[in-house]
1. What residue, of Ser71, Ser62, Ser93, is closer than 19 Å to Val131 by Cα and among the hydroxyl-bearing types (Ser, Thr, Tyr)?
2. Could you run through the range 57-71 and say how many residues are among the small types (Gly, Ala, Ser), away from ligand 2 (no atom under 16 Å from the Cβ) and at pLDDT 95 or above?
3. Within the range 58-93, which residues are small (Gly, Ala, Ser) and assigned to a strand (DSSP E or B)?
4. Can we say Glu347 is more than 16 Å from ligand 3 (Cβ to nearest atom) and not in a loop (DSSP other than H, G, I, E, B)?
5. Pick from Arg274, Arg239: which is out of contact with any Pro (no Cβ under 9 Å at 6 or more places or on another chain), over 23 Å from Glu107 (Cα atoms) and away from ligand 3 (no atom under 16 Å from the Cβ)?
6. Could you tell me whether the range 88-97 includes any residue that is under 27 Å from Ile232 (Cβ atoms), outside the structural domain of Leu193 (by TED's automatic domain parsing) and crowded, with 20+ Cβ neighbours inside 10 Å?
7. Please specify each residue of the range 161-183 satisfying the condition of being exposed (fewer than 13 other Cβ atoms within 10 Å of the Cβ) and over 14 Å from Glu151 (Cα atoms).
8. I'm checking my understanding of the structure. Among residues of the range 57-79 that are hydroxyl-bearing (Ser, Thr, Tyr) and near ligand 3 (Cβ under 9 Å from one of its atoms), which one is surrounded by the fewest Cβ atoms within 10 Å (Cβ to Cβ)?
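The values are calculated or read from the model by the stated rules, or taken from the named source; none is laboratory data. What you see is a predicted model, and the numbers here were worked out from it, not measured in a lab. Quick reminder, even Gly has a Cβ in these numbers, built from the backbone with ideal geometry, and neighbours come from all protein chains shown.
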Amino acid sequence: MSADTFDIQAVTQMNGQKERDVVPEVERGEFVLEVKNFSVDYGVGENMVRAVNDVTLHVRRSNVLGIAGESGSGKSTLVYAMTRLLRAPGVISGGDVILNFANPEDEKKFTAVNLVTANEKELRRIRWSHVSIVLQSALSALNPVLRVGREFDEVLKTHRSDLSKEQRRARAVELLSMVGLNEDRLSRYPHELSGGQRQRIMIALALALDPDLVIMDEPTTALDVVTQREIISELHDLRSRFGFAMIFITHDLSLLVELADEIVVMYAGEIVERAGARDLYEAPRHPYTLGLLNSFPPLHGQRHELTGIPGSPPDLSDLPTGCNFYPRCPFAMTRCEHEAPGLRAFENSDRTVACWLHAPDSSVPVPVELSRRATGARDAVALLEGRP
Ligand SMILES: Nc1ncnc2c1ncn2[C@@H]1O[C@H](COP(=O)(O)OP(=O)(O)OP(=O)(O)O)[C@@H](O)[C@H]1O
Ligand code: SF4
Ligand SMILES: [Mg+2]
């Protein structure tokens, strides 16, 4: 059976799971990706570290989910493992990753495939066509001995055997123009292009087959601020035009708020806060989110002094006993040292936060910095610094 003919019933039976995943197709269509209780380890036995711990997240169709967190928080491990691109010693140690893609014949019907259990043949059919990824190292991901045109031709030839050579070239020219590049770039080698041009080419390749979901792992981090802004604005336009969903990873929260509908913040392999992008930016509820907002200059508005987060992320092989953020948290309480807070709904809303300050049984008043809505990160920072 091919991935294209799978229905969710078949997938769940194949995985030996119960029928908990069987829901009407219309409901499934709401989310392009459902990640459930997903964990990833590096190594085995005594040397094993858990780089992604029990992550659950959903990506709505045509929406952008931003993933933020400092270096080492597990962002790349999460998306590599989700798409089954993770190499040894990385191993998926639990959970499901359900990709729901529209059937070409009937866009109201959806096919669900569990990427965790899909075999290599199914994964090959799904990659590029339904989910594509721009890797963190995209600047060196293009084959140095292939002209750019060949890269496009190979992808299109493999997945669109109905296209003639001329049609493939026309599609490559169209894709390049979508990312603001002239067709003469097709005859260039990667080393003849600037970093920004190479990155645009990677994005155009990722969009070549109209995927349902595009994953971008820090695609603009190595670029200057002007090029970074141009590419973000182009991605914004492309998403509006073509309606693909996107996961966009960065450690720069103020950049994410420009692009994302929803943001999850990761710390030490776990989600510590999830909220609508604007809510998270204007009203951070986790001390780590507040610290991250204070670590980058805002893209708009007045500049402010950046204070960052004291200390450094924990060693995964020696995590604190309670809240992972405890050693760095300016608001830590006694219970934080010994009890892990766990992710819970924030005040009956659909945002979630993992912090004892917001627990219903907390007897400590929530600090003003984490209880009020600021008018932007700058104001949140002012609150943190105790300014009016
Ligand atoms: N091959 C590996 N072997 C052992 N540990 C690894 C390996 N690759 C990554 N890790 C660990 O897994 C954790 C998560 O790494 P990951 O690369 O996913 O972080 P990240 O959030 O993407 O960071 P960055 O922002 O620097 O890209 C880190 O603590 C890292 O040391
Ligand atoms: S649970 Fe405690 S240590 Fe952890 S973020 Fe909240 S206040 Fe800080
Ligand atoms: Mg990374």
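1. Ser62
2. Within the range 57-71, residues that are among the small types (Gly, Ala, Ser), away from ligand 2 (no atom under 16 Å from the Cβ) and at pLDDT 95 or above number 1.
3. Gly66, Ala68, Gly90, Ser93
4. no
5. Only one candidate qualifies: Arg274.
6. yes
7. Ser161, Asp162, Ser164, Glu166, Gln167, Glu174, Ser177, Asn182
8. Ser71
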